[in-house]
1. Do you know the relative contact order of the stretch 50-113, to the nearest whole percent, from alpha carbon pairs under 8 angstrom that are 6+ apart?
2. Under the classification rounded if a/c is under 1.5, otherwise prolate if a/b is larger than b/c and oblate if not, where does the stretch 42-120 fall, given a ≥ b ≥ c as square roots of the Cα gyration tensor eigenvalues?
3. How much FRET efficiency would the formula 1/(1 + (r/R0)^6) give for ASN362 and SER68, where r is the Cβ-Cβ distance and R0 is 56 Å, rounded to 0.05?
4. Give me the percent relative contact order of the stretch 171-213, please, defined on Cα pairs under 8 angstrom at least 6 residues apart.
5. By how many nm would the segment from THR377 to GLU331 lengthen if fully extended, with 0.36 nm per residue of separation less the alpha-carbon distance?
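Here, each number is a calculation from the coordinates, and none is a lab measurement. None of these values were measured; they are calculated from a predicted model. Quick reminder, even Gly has a Cβ in these numbers, built from the backbone with ideal geometry, and neighbours come from all protein chains shown.
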Amino acid sequence: MKILNKLTHILLTAAVVMMFLSLCVCAKVYTGTEGNYSWSIDLNNGHMTITGQGDMDNYVNFEDAPYSKFMTLIKTLNIEDGITSIGSCSFMYAANLERVVLPDSLLSIGDSAFEYCLNLKQINIPASVTSIGSMSFSSCRALEGIILPSSLESLGSYAFCDCSSLTSVNIPDGIEEINIGTFSGCKELSQVTGMTCTVLVSEAAFYGCEALDFEEFPQSLTTVSNRAFFGCSSLDATVPENVISPGGAFYNSAVSFNVKWNIGKTTEITTVLANQIPQYHGAPKKDCVLDGIYLFKGWNKELSQAVTAQNEYSAIFSLAKPIVSASYVLEDGKVSANAALELSGLASDSAYILFACYTDDNTMICSKRVYVNSQDTSASALLDLKGRTVSDVRVYIYTDNSCFTPLGEFVQAQKM
């Protein structure tokens, strides 16, 4: 009898303990209501549910969210139908969040909504979403792929910045601008599809996307901003001719440009890699003035940085300096001008040296032309100023076809 009573006491004690433990387990489910929505978190499995109608609240920082103390314990998230907006910073620093289910009622995802969700590998964005905010998925370093809905009209700056495992993304037709830093630091991003309506790639949009490689730029593209493709070392597409871009837009990338050379009445195109100085490698041709090599207008531009697709050069034929030097003496209202010549490559029997006097407001006072041939090493002329004041004397070479000398178009004569 005593043994039976003792066993009964043990069983009753065990039942009380189990009931207590059960109550403790139930106590691990936390709930709350905030504005238009309610939330619940089951700490036994890390599952969170959001229910309600309309927009969730925006927060300046994740710590402002009523469930912030549980943020790092969330593993799965289910936002039920009726919610139309995920507020800013709503799940920022939910570092253990692995899976998210979003409702078909959702229209927008706020700034930094899922920033630093380090274990989030996949997320399906509903076809209803039209706006994704700045830094919304920034530093989601486990995120491997993202499918953006065709309804999307706005993709915020740095939206997928530092998503270092992201390998592919599509750009819907509604996105005309890739914002600042949108995919910067996505070093595994290799496949970008769509962009058929994209006209602008903003600063640092694909900065450091080392694996990025698409066959060609979209024909809709008109502007690429500074550092947009900086460090895209695998990108070897040719930039369309109509694209405007600064020198640093493609720095440390393998993209190329088609540079147009206008040579007389013909046009030739050569391909130039970013960060290379364009050079013309065509065969020499005769010009109406001199035999020799091509010199190009615009060659004095700063070309140490990457060239742009708008580089276009006009070429004329010249043998180094046909007018080696020039000088003049002013005496009794007259100018005595002289020029030293190198005309051994002269390709015309009717070439002329033109001496011209100018006032300080760039008005020509008088001029005189002197016939020369390939044997001449100098030319001279006497010009009457007729009481006018000369500021400078210039010397040109030309033919009946009016082909002026390159190298600044004239040589400045030095006053002696």
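1. With pairs under 8 Å counted, the relative contact order is 39 percent.
2. Working: a/c = 1.59, a/b = 1.22, b/c = 1.31.
Oblate, since a/c reaches 1.5 and b/c is not below a/b.
3. Values: r = 72 Å, r/R0 = 1.29.
Between ASN362 and SER68 the formula returns 0.20.
4. Averaging sequence separation for qualifying contacts and normalising by length gives 53 percent for the stretch 171-213.
5. On the way: separation 46, 0.36 × 46 = 16.56 nm, distance 2.46 nm.
Gain on stretching THR377 to GLU331: 14.1 nm.
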